[in-house]
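Since the structure comes first, as structure tokens, the remarks are kept for the end.
The values are calculated or read from the model by the stated rules, or taken from the named source; none is laboratory data. Everything numeric in this text was worked out from a predicted model, so none of it was measured. Heads up, the Cβs are rebuilt from the backbone with ideal geometry, glycines too, and the neighbour counts pull from every protein chain shown. Heavy atoms of the whole protein, side chains included, go into the accessibility calculation; ligands, DNA and RNA do not. Shrake-Rupley method; radii C 1.70, N 1.55, O 1.52, S 1.80 Å.
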Amino acid sequence: MITLNIDGKKLKAKGEQTILEVARENGIDIPTLCYHENLAPYGACRLCIVEIFKNGRSRLVTSCLYPVEEGLEVKTNSSRVINNRKMIMELLLARCSKNKAIKELASSMGVEQPSFKSEYLEDEDCILCGLCVRACEQVVERSAISLVNRGVKREVAPPFLEPSPSCIGCGSCSYVCPTGAIKMEDREDTRILCARNWKKEFKLQKCKVCGNYWAPEEQVEYMRKKANLTLDFFNVCPNCR
Ligand code: FES
């Protein structure tokens, strides 16, 4: 165990933890948009910046990536942190000026309007946090979408912007998306998964007991092979098993 100081509190931490993990464990709030505890951190949104003090100097670091160190002093709400975090929020708001989640988060930080103009489309919802890409790759193990292109053309997309054959319609990308940029809707026997630049439809499997449609057939087949179970097992939905 090591000892560090966050916002004046002396805290114990395991050497492999990040500042963000230790802060959250101890009830210290740091805003994040691209972090999920079950996915590898990526450091995309920069909202989790904190100020660290080491060897008589201070600097800003992303707390979701920065590992704790013995004797480290951290401030999560210094004026330097607040000012930089507000500027990051302004950039996000300039990109996603109509997005509800971004507008609410910005407002909670006292940012109501971006002070510069976006080169992006007005209706952009994606903040390029990469949570959807990491969930698909690290949890579902399908890598159906990825971050492609550079600069202002950077976006999340399936290969060639075509419905990806690797996508099984599980909707993990939609669940983790912090801004609702990836939408999922079940209509009768069809699931629709879509973002601004792509869309895929899936036929849903019907439960033999209750008759409800409960999961895309492609997802059921994927789970069946992974778990080495018979098709009979998946003919019934989890609620009726
Ligand atoms: S949560 Fe750390 S950079 Fe997004």
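Which strands (runs of 3 or more DSSP E) does the range 138-209 wholly contain that include 3 or more residues that are over 19 Å from ALA44 (Cα atoms) and under 18 Å from the mean Cα position of the chain (by Cα)?
190-195
Taking into account only those residues within the range 2-32 that are without any contact (Cβ under 8 Å) to a residue 60 or more places away in the chain and on the phi > 0 side of the Ramachandran plot, which is nearest to the ligand (Cβ to nearest atom)?
Applying the filter and picking the extreme gives GLY27.
Working only within the range 63-83, note down all residues that are out of contact with any helix residue (DSSP H, G or I) (no Cβ under 7 Å at 6 or more places or on another chain) and in contact (Cβ under 8 Å) with a residue 40 or more places away in the chain.
So in the range 63-83, the residues out of contact with any helix residue (DSSP H, G or I) (no Cβ under 7 Å at 6 or more places or on another chain) come out as 65, 67, 69-73, 77-83.
If the condition is that a residue be out of contact with any helix residue (DSSP H, G or I) (no Cβ under 7 Å at 6 or more places or on another chain) and in contact (Cβ under 8 Å) with a residue 40 or more places away in the chain, then LEU65, PRO67, GLU69, GLU70, GLY71, LEU72, GLU73, ASN77 are the ones that fit.
If you check LEU105, LEU193, LEU131, which single one turns out to be of a type outside the set (D, E, K, R) and touching a strand residue (DSSP E or B) at 6+ places or on another chain (Cβ under 9 Å)?
Criteria check complete, one pass: LEU193.
Please verify whether the range 125-137 includes one or more residues that are farther than 26 Å from ALA215 by Cα, open to solvent by 70 Å² or more (accessible area, probe 1.4 Å) and not assigned by TED's automatic domain parsing to the domain that holds ASP189.
No, the range 125-137 contains no residue that is farther than 26 Å from ALA215 by Cα, open to solvent by 70 Å² or more (accessible area, probe 1.4 Å) and not assigned by TED's automatic domain parsing to the domain that holds ASP189.
Any residue in the range 42-50 that is outside the structural domain of VAL176 (by TED's automatic domain parsing) and over 25 Å from TYR175 (Cα atoms)?
yes
I need a count of the residues in the range 174-195 that are closer than 13 Å to PRO163 by Cα and open to solvent by 60 Å² or more (accessible area, probe 1.4 Å).
Counting residues in the range 174-195 that are closer than 13 Å to PRO163 by Cα and open to solvent by 60 Å² or more (accessible area, probe 1.4 Å) gives 0.
Any residue at all in the range 106-114 that is assigned to a helix (DSSP H, G or I), of a type outside the set (Ser, Thr, Tyr) and not assigned by TED's automatic domain parsing to the domain that holds ALA157?
So in the range 106-114, the residues assigned to a helix (DSSP H, G or I) come out as 106-108.
Next cut, of a type outside the set (Ser, Thr, Tyr) only: 106.
Narrowing further to those that are not assigned by TED's automatic domain parsing to the domain that holds ALA157: 106.
Yes, the conditions are met somewhere in the range 106-114.
Consider only pairs whose beta carbons are under 9 Å apart and that are at least six residues apart or on different chains; among these, list those whose first residue lies in the range 48-62 and is modelled with pLDDT under 95 and whose second residue is in a strand (DSSP E or B).
Once the first residue is modelled with pLDDT under 95 and sits in the range 48-62, its partners that are in a strand (DSSP E or B) give LYS54/GLU73.
So, in the range 92-102, how many residues would count as being buried (at least 16 other Cβ atoms within 10 Å of the Cβ) and without any contact (Cβ under 8 Å) to a residue 40 or more places away in the chain?
Residues in the range 92-102 being buried (at least 16 other Cβ atoms within 10 Å of the Cβ) and without any contact (Cβ under 8 Å) to a residue 40 or more places away in the chain: 4 in total.
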